[in-house]
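What follows is a short report on a single structure.
The values are calculated or read from the model by the stated rules, or taken from the named source; none is laboratory data. Everything quoted here is computed from the prediction, not taken from an experiment. Methodologically, a virtual Cβ is constructed for each residue, glycine included, from the backbone with ideal geometry; neighbour enumeration extends over all protein chains shown. Calculation scope for accessible area: heavy atoms of the full protein, side chains included, ligands and nucleic acids excluded. Shrake-Rupley method; radii C 1.70, N 1.55, O 1.52, S 1.80 Å.
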There are 4 protein chains.
Amino acid sequence: MSHNSFGHLFRVTTWGESHGPSIGCVVDGCPPRLALSEADIQPFLDRRRPGQSVFTTQRREPDEVRICSGVFEGVTTGTPISLIIENTDQRSKDYGEIANTYRPGHADVVYDIKYGVRDYRGGGRSSARETAMRVAAGAIARRVLGGGVVIRAALVQIGEHAIDRSRWDWDEVNRNPFFAPDAAIVPVWEQYLSAIRKAGSSVGATIEVVVEGAPAGLGAPIYGKLDADIAAALMSINAVKGVEIGDGFAVAGYTGPQNADAMRMHGNRIVFESNHAGGILGGISTGQPIVARFAVKPTSSMLTPVPSVNRQGEEVDVVTKGRHDPCVGIRAAPVGEAMMACVLADHLLRHRAQNGA
Amino acid sequence: MSHNSFGHLFRVTTWGESHGPSIGCVVDGCPPRLALSEADIQPFLDRRRPGQSVFTTQRREPDEVRICSGVFEGVTTGTPISLIIENTDQRSKDYGEIANTYRPGHADVVYDIKYGVRDYRGGGRSSARETAMRVAAGAIARRVLGGGVVIRAALVQIGEHAIDRSRWDWDEVNRNPFFAPDAAIVPVWEQYLSAIRKAGSSVGATIEVVVEGAPAGLGAPIYGKLDADIAAALMSINAVKGVEIGDGFAVAGYTGPQNADAMRMHGNRIVFESNHAGGILGGISTGQPIVARFAVKPTSSMLTPVPSVNRQGEEVDVVTKGRHDPCVGIRAAPVGEAMMACVLADHLLRHRAQNGA
Amino acid sequence: MSHNSFGHLFRVTTWGESHGPSIGCVVDGCPPRLALSEADIQPFLDRRRPGQSVFTTQRREPDEVRICSGVFEGVTTGTPISLIIENTDQRSKDYGEIANTYRPGHADVVYDIKYGVRDYRGGGRSSARETAMRVAAGAIARRVLGGGVVIRAALVQIGEHAIDRSRWDWDEVNRNPFFAPDAAIVPVWEQYLSAIRKAGSSVGATIEVVVEGAPAGLGAPIYGKLDADIAAALMSINAVKGVEIGDGFAVAGYTGPQNADAMRMHGNRIVFESNHAGGILGGISTGQPIVARFAVKPTSSMLTPVPSVNRQGEEVDVVTKGRHDPCVGIRAAPVGEAMMACVLADHLLRHRAQNGA
Amino acid sequence: MSHNSFGHLFRVTTWGESHGPSIGCVVDGCPPRLALSEADIQPFLDRRRPGQSVFTTQRREPDEVRICSGVFEGVTTGTPISLIIENTDQRSKDYGEIANTYRPGHADVVYDIKYGVRDYRGGGRSSARETAMRVAAGAIARRVLGGGVVIRAALVQIGEHAIDRSRWDWDEVNRNPFFAPDAAIVPVWEQYLSAIRKAGSSVGATIEVVVEGAPAGLGAPIYGKLDADIAAALMSINAVKGVEIGDGFAVAGYTGPQNADAMRMHGNRIVFESNHAGGILGGISTGQPIVARFAVKPTSSMLTPVPSVNRQGEEVDVVTKGRHDPCVGIRAAPVGEAMMACVLADHLLRHRAQNGA
């Protein structure tokens, strides 16, 4: 069962609420003898950390991770790795006024329906704060995969403004606050998001994750397909409403010849002349780059009032003050990378189990 | 682990190759005392069965299902339900010429890379024939859900031709060979697909699955989210490259107010004024219709030659004769329904476990 | 979840009732490229088959196994292996008179309490007939383990008569109908069991399973311990009430020095000077022989009348006619071997996953 | 997979080493709206805590548990419950001299074989310290089961001295440092254990766990049998070498009539006239008391020297100083209760899932 765990052999269990004392995760199944310290994890958390530009929530927390088990004298021991981050800037008073109302688009109404109890402090368990632990686990997953597997994410659309793919430059991604791979879109998004933010509104985004260097043969048909696991992993990120592999929904409009990735030989190695498949056939990696995209809806918490109801069954207009990202999709980029890393690490171990090293 | 099983409490394990003696599945966890016989399953298999129009494969098999265990005197006993379908029209000779070559877009190259052995008879395990067992399991899942939960799928796009949603009519879906909900698109698709077929080509499609009557509160955050499980279930269907919930990828272009589904009271019941969320918030069902879409790529097996390689590492042009659907997306509609039914049945049982009945 | 499945990476799912049309299992996760045919499985089924002496049930069935998937051209393909045995001698009329009563010591009363429905034909799902599929799966597990791992079981006690361990001879085990490793006990057991049978009674037994050649390092602490998995596997066999590893319950009476298995070096290899631990320390195999024992209660179905009740809540005396083993423990020996083989195969794959090959 | 987790619907994952900064667990699947605070857990930890008599290790730690998530305003929320205990008295210097040697009977040699790395500080992950988290999780499991289910353990044997069952008195269990249900055995054990301790030796023990008030119908055949899960749970406790249900190994010597638990009607309720079965038939609870026993070997760490080897492959004599229980079986009693509680809570939720509340 998997209420709060994902993966099978590289298995991650997360816990914690946005305004509890701490959040954490347990990574079980990590192979032994891998060098690991907090310094391997912290940089990834720093990329996701809020408060780094005006375009993300102003909640300011160091998000400093501690390894509490599973590492001895600088290497993993094969036992579960426990990671903990203290919540240092909860300010739960900010949320007092929404304790009693349901924010449209937010999970609080359904948690209340499902559990009959609700941790109203900033979203509780459903808060995007939980994704910090995904990023931390992802850093360990990268260790399992090794340096030859490069996993990177970029934003390709914010609201009505999409990038020009012909200008794609991975180096650009780390130079701007949007993880944009297109330098020319940066001022456009800055202006657009500033206006969104000033209007008390929010906006959606699309993120693309690309993996280079993943070995061929990962993925376990029929119900452990690599693309099915990627779909679940990305869809499980807060606010995601769609997932694509390779050319995604565009394939519905293709004919067979348009879709076929022809194969040729380069020496004794099979190469593909295109990658409509996004690196996955029949649920198994081909050795080409693995390409996935996911769409994130606009932040539900915003200053614009929305008709809603409260726990007493009264109709109200909800305005969410607090400190919220105008485009929650931006910080989803490192989360998408982390989920991809975890899925691949899991499948690498699964492949080893059934097929040897 | 889940190589060939899906679901947790309503757990389905399938087995069999397209050209072996039989295919089957084991459904474990089905509640006891539900009326069940082959007559409850067969109609769903008949909807998926090939050979019913010129637009699907001409392979002709009765696909007659037998219940081998788990049912006694007409009711389920709580023990595993074993279902078997004999393969009666294998004609494996048709596939002799492709035993040695890899069909672009098809899984055979990656099975060979992964396993070092390949059942080349019609796709072996990776054949869409496996989906017959999904449909059979889905019929049992419907029993678990009860008559109040209505799960229906329709094609909304074939190649470049999409339906007009304003003409949506569920009754129309069963009157045409395309599961089209729009009577006016039927002649368009007939003409279009006939041309595709005559050209030895194939084409993609998009299917929409809609669930009405599902209770609110299904779904288990964080890693058992209903939408994440739907995404995995639909992505695991052969040839699927994208999955959306509700408005899907369109949300990337929305602002917060455009995306918000306002809530109002109807008597003492919460109602939503729109359904951009597709019936799921925070991974939990809201009680609104659950809406999902998935994109199916064009059939990889076609008469149009594609550059490829063979097992000896020689470059060849592949032409796939056999008997193949020009648009494999058509028969994916009942499969999509079945996967949705299985996911919901699983979550209904999971909800009962944690929250009582 | 694991209602009807066991193992994680070498995963076995069984189905079927004693008097349904057939029984079967699906083995998922078996590595590819292993030579496998029915001829590798049948000999193990033949050892367990009833009707081979007067000391086992007179039900006569060939128990002929068919492989329905997962094997192509004589080797495993990495896809699920489906095995089926037809039930050819059900004679369900024999059981008509017990359809309405509960046999003391038998599962039928609790199945009725749990499920509110009962397949009364010969025990239905709870019948020891299900163990045929364990034996079949065990034969595949042996393939995974390879020829260097030798797994053998022997009866060490029937009723009040225990073997003399100083006469232990593995070759003797296959020469008598009791799997006895002590030739001198055979006539004693023959006379004893004949008397039990004539009296319409039944009797218990203890079985010992010994594994030689298993590699050190198998087992995954803390909750995937090899001994914990063996305990569950053996306890899941019908009628088992106790499981021991190594010296088992005797250790409660030991002092530390009595229990310690001293270690010495033989060349550059660690050797143990005794094996009180039964080859497992901290849940991980040491490389010594793995030794487990399990106790099987007397067959509950017997001619001796026992006070009981029926479904109408009336008090009755139950006499079970049918065809039953006077000592069901005898046929449990090959089942114990098979469960041990499955557990070890699962842990071998788990070890490979986390630690490489 | 289950390296460090157990249970399916009531799922416990533990982490931590004996001499790391802290140990902890995550309990996932706990139903919502149960009253819970640290005060519900601490008393059970206090019963297991070392340093309470001269017969347990002199390590002195408060073992104060903190709830870090999953509880809000005094009730469970349905989200994962994270529990943490700081390690305050590690004194890892005590273990310096054994860092390089393998203690016979202890897991350190196999951890080194398996993982190629070893946390030598006091047993690391294999230390019985981990069982504190089992006890903590067990306290939550009791909440799930409710007050009507009473789970108690008692020691029935230490070394060569067994209790007199005719004097069994549950009240006595909490009045002596041995969890002995027989007042007359207490002075015997005191004298015996004092001698063992002074001799630098250690000794084994047998613990019996009895559950009263558990509902009939718990347990999921065939591979989720209640007794199989109990066997695994108890065998997974450190140093356990045998597990019995009901009359256990004695059944091997019984005839059918001796073993049969006759059934009679009391009003409209079925009652059993004996309980050889230990409350479980066919893997399902009967409603009678559930009775299990497990044997714990003598503490491996002791002052008596034992021939062993070190990491350099040299033969050495090992003497373990540190602070160790002369009879680790004593403190296993509350651990046995806790494991039983967790197994039952898991099966209660599983039963609800398949059968309704």
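Of the accessible area of region A:141-283, with the probe set at 1.4 angstrom, what percent is carbon plus sulfur?
Values: 2290 of 4810 Å².
It is 48 percent, rounded to a whole number.
So for each of D:282-294, B:306-318, D:179-191, B:196-208 I average, over its residues, the number of other beta carbons within 10 Å; can you give me the resulting order with the highest mean first? Present the calculation step by step, with values, prior to reporting the outcome.
On the way: D:282-294: 24.6, B:306-318: 15.8, D:179-191: 18.5, B:196-208: 22.8.
In decreasing order of mean packing, D:282-294, B:306-318, D:179-191, B:196-208 become D:282-294, B:196-208, D:179-191, B:306-318.
Return the value, in Å² to the nearest 100, of accessible area buried between chains D and C (probe 1.4 Å, both sides summed). Spell out each step's value before the answer.
On the way: alone 16490 and 16480 Å², together 24820 Å².
By this definition, chains D and C bury close to 8100 Å².
Looking only at other chains, what is the average number of their beta-carbon atoms within 10 angstrom of each beta-carbon in D:193-206? It would help to have the intermediate numbers written out before the result.
Details: counts 0, 0, 0, 2, 0, 0, 3, 2, 4, 7, 8, 11, 3, 4.
Mean partner-chain Cβ count within 10 Å for D:193-206: 3.
Determine the dipole magnitude for chain C: charges of +1 sit on the beta-carbon of Lys and Arg, -1 on that of Asp and Glu, nothing else is charged, the reference point is the Cα centre, and the result goes in debye to the nearest 20. Walk me through the intermediate numbers first.
Values: 37 positive and 38 negative charges, 69 e Å.
Rounded to the nearest 20 debye, it is 340 debye.
Suppose we compare each residue of region B:258-288 in its chain alone and in the full protein complex with a 1.4 Å probe; which ones drop by at least 40 Å² of accessible area?
Residues of region B:258-288 that lose at least 40 Å² of accessible area once the other chains are added: B:ASN259, B:ALA260, B:MET263, B:ARG264, B:MET265, B:ILE270, B:LEU281, B:ILE284.
Given the whole protein assembly as supplied and a 1.4 Å probe, what does the accessible area of A:ARG66 come to in Å², nearest 10?
100 Å²
Which distances, in nm and shortest first, link the B:PRO215 label point to the same label point in every other copy, taking 7 Å along Cα→Cβ?
Result, one decimal in nm: 1.5, 4.6, 4.8.
With only Lys, Arg, Asp and Glu charged, each at its Cβ (+1 for the first two, -1 for the last two), find how big the charge dipole of the protein assembly as shown is about the Cα centre; round to the nearest 20 debye.
Details: 148 positive and 152 negative charges, 1 e Å.
The dipole magnitude comes to about 0 debye.
Given label points at 7 Å from Cα along Cα→Cβ, what nm distances, shortest first, separate C:TRP168 from the same residue in every other copy?
Nearest first, the other copies' label points are 3.3, 6.5, 7.1 nm away.
How would you classify region C:129-280 from its alpha-carbon gyration tensor, with a ≥ b ≥ c the square roots of the eigenvalues: rounded for a/c under 1.5, else prolate if a/b is greater than b/c, otherwise oblate? Present the calculation step by step, with values, prior to reporting the outcome.
On the way: a/c = 1.73, a/b = 1.45, b/c = 1.20.
The shape class here is prolate.
Just want the answer: with Cβ charges of +1 for Lys and Arg and -1 for Asp and Glu, which residue in D:ALA260, D:GLY105, D:PHE178 is farthest toward the dipole's positive end in chain D?
It is D:GLY105.
Within straight cross-link reach of D:LYS225, meaning Cα distance under 28 Å, which lysines are found once same-chain residues fewer than 8 apart are removed?
Hits, sequence-local ones excluded: C:LYS114, C:LYS225, C:LYS241, C:LYS297, C:LYS321, D:LYS241, D:LYS297.
Using alpha-carbon positions, what is the distance between the centroids of region A:130-184 and region C:264-324, in Å?
56 Å
Per residue, how much accessible surface does the protein assembly as shown expose to a 1.4 Å probe? Answer in Å², no decimals. Please report the intermediate quantities before stating the final value.
Working: 41740 Å² over 1428 residues.
On a per-residue basis, 29 Å².
Provide an ascending nm list, one decimal, of label-point separations from C:ASN310 to the equivalent residue in each further copy; define each label point as 7 Å from Cα along Cα→Cβ.
6.5, 7.3, 7.7
So what is the calculated 222 nm ellipticity per residue for chain B, using -39500 (n - 2.57) for each DSSP H run with n of 4 or more, over all residues, to the nearest 500 deg cm²/dmol? Let's see the in-between values first.
Values: 8 runs with 90 residues, N = 357.
Taking each H run of at least 4 residues, the total per residue is -7500 deg cm²/dmol.
If I take the Cα coordinates of region D:304-352 and project them onto the principal axes, what are the three extents in Å, biggest first?
Rounded to whole Å, the extents work out to 57, 24, 14 Å.
What fraction of the Cα pairs in chain C, stated in percent, has a spacing above 36 angstrom? Before the final figure, lay out each step's value.
Numbers: 14583 of 63546 pairs.
Result: 23 percent of Cα pairs exceed 36 Å.
Using Cα centres only, tell me the gap between region C:32-82 and region C:3-17 in whole Å.
Centre-to-centre (Cα) distance: 16 Å.
What order do you get for B:212-222, B:267-277 when each peptide is scored by the mean count of other beta carbon atoms within 10 Å, highest first? Before the final figure, lay out the partial values.
Working: B:212-222: 22.0, B:267-277: 14.5.
With the highest mean Cβ count within 10 Å placed first, the list reads B:212-222, B:267-277.
Per residue of A:27-39, count partner chain C-beta atoms within 10 Å of its C-beta, then hand back the mean as an integer. Working shown, then result.
Numbers: counts 1, 12, 8, 2, 5, 8, 4, 1, 0, 0, 0, 0, 0.
Partner Cβ neighbours, averaged per residue: 3.
Determine, for each peptide in B:223-234, D:150-161, the mean count of other beta carbons within 10 angstrom over its residues, then list the peptides with the highest first.
On the way: B:223-234: 28.2, D:150-161: 21.2.
Per-residue Cβ counts within 10 Å, averaged per peptide and sorted highest first, yield B:223-234, D:150-161.
If you take each beta carbon of peptide C:157-169 and count the beta carbons of other chains within 10 angstrom, what is the mean? Intermediate results must be reported in sequence, preceding the final value.
Details: counts 3, 2, 5, 4, 1, 2, 0, 0, 0, 0, 0, 0, 0.
For peptide C:157-169, the averaged partner shielding equals 1.
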